[in-house]
1. Assess whether GLY38 counts as being assigned to a loop (DSSP other than H, G, I, E, B) and under 27 Å from GLN204 (Cα atoms).
2. Pick out the one residue from LEU134, LEU157 that is at pLDDT 90 or above, among the hydrophobic types (A, V, I, L, M, F, W, C), touching a helix residue (DSSP H, G or I) at 6+ places or on another chain (Cβ under 9 Å) and more than 21 Å from ARG88 (Cα to Cα).
3. Being among the small types (Gly, Ala, Ser), modelled with pLDDT of 90 or more and either part of a loop (DSSP other than H, G, I, E, B) or in the same structural domain as LEU29 (by TED's automatic domain parsing) (or both) is the requirement here; does ALA227 meet it?
4. Does the stretch 20-51 hold any residues that are free of Cβ contacts under 8 Å to residues at least 24 places away in the same chain and either buried (at least 16 other Cβ atoms within 10 Å of the Cβ) or aromatic (Phe, Trp, Tyr) (or both), and which are they?
5. Against the definition (among the hydroxyl-bearing types (Ser, Thr, Tyr) and surrounded by 19 or more Cβ atoms within 10 Å (Cβ to Cβ)), how does SER223 come out, yes or no?
6. Going residue by residue through the stretch 48-59, is there one that turns out to be among the β-branched types (Val, Ile, Thr) and within 14 Å of GLY92 (Cα to Cα)?
7. Within the stretch 190-202, can you find the residues that are surrounded by fewer than 23 Cβ atoms within 10 Å (Cβ to Cβ) and not in a helix (DSSP H, G or I)?
Amino acid sequence: MPRPRMCRHVEGAPKVGYFKPGGVPLRELEEVTLPVEGLEALRLADLENMTTAQAAEGMGVSRHTFGRILGQARNAVAQALVQGKALRIEGGAYALKAPAHPSPVWVLDPGRVAVSVHGPGEGPGDVPALDLPLAPRFGRAGGFVLVDVATMEAAYLDNAGSQAMAHGAGAKSVERIAEQGAGVLLTGRVGEKAFTALREAGVQVCLELDGLTVRQAVERFRSGGLAFAEGPNA
């Protein structure tokens, strides 16, 4: 009987769980999976520049095991970059280290997008959620339409409470869409504080979509015609 795999210690959950080449629809991409402990090995070795001994101790494994985890992680990333595959970060045998100040950890789906809208009262009452106009301001949006990219099924999420907040409207809006598992936000403008909160939650953002309907914005995302923002624009 094989020995059970020991959990590797990981500093925190991935901030982003999915990367894809720009301009290529999701349905046309092959995927390669990077386990969470592989991402941690990359962080320790290539970002923090730790020695093998230091990194292995941090993850609670032997140096030999750490070297194997790191090699497999680098291979997965190389496949994604060289062969143009999508990179999914999930799974593995790991345990999160307890933070000094715990913060919420949401499970986000890159195939579930949130689109900022003014609210269900915008236009005739029978306007389908997919045909609502996109609201250009993220933090003060009256609501969000949550869309499954694969099926185009849509559901409305109310955000009216944020409109009445004097401060922290953007952070509260981030919390609402992250709780619903949306891995991508489609909107017009996002300020610096809200963008930081989105990045910390692991939500990717596509900006400058003013003038589109929810359907038009999502279809543009599905076709690979949108790029993820590198920073705020408001």
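1. Values: assigned to a loop (DSSP other than H, G, I, E, B): no; under 27 Å from GLN204 (Cα atoms): yes.
It is false that GLY38 is assigned to a loop (DSSP other than H, G, I, E, B) and under 27 Å from GLN204 (Cα atoms).
2. When all the criteria are applied, what remains is LEU134.
3. On the way: among the small types (Gly, Ala, Ser): yes; modelled with pLDDT of 90 or more: yes; either part of a loop (DSSP other than H, G, I, E, B) or in the same structural domain as LEU29 (by TED's automatic domain parsing) (or both): yes.
So ALA227 passes the test.
4. Selection gives LEU44, MET50.
5. On the way: among the hydroxyl-bearing types (Ser, Thr, Tyr): yes; surrounded by 19 or more Cβ atoms within 10 Å (Cβ to Cβ): no.
Taking the combined requirement at face value, the residue does not satisfy it.
6. First, pick out the residues of the stretch 48-59 that are among the β-branched types (Val, Ile, Thr): 51-52.
Those still in the list that are within 14 Å of GLY92 (Cα to Cα) too: none.
Within the stretch 48-59, none of the residues are among the β-branched types (Val, Ile, Thr) and within 14 Å of GLY92 (Cα to Cα).
7. GLY191, GLY202
Listed here are the residues, each with its yes/no results for (1) under 17 Å from the mean Cα position of the chain (by Cα); (2) basic (Lys, Arg).
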position	(1), (2)
GLY142	no, no
LEU146	yes, no
ASP158	no, no
ALA169	no, no
ARG176	yes, yes
GLY181	yes, no
LEU186	yes, no
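The values are calculated or read from the model by the stated rules, or taken from the named source; none is laboratory data. Since this is a predicted model, take the numbers as computed values, not measurements. As a convention, Cβ positions derive from the backbone with ideal geometry for all residues, glycine included, and neighbour counts pool all protein chains shown.
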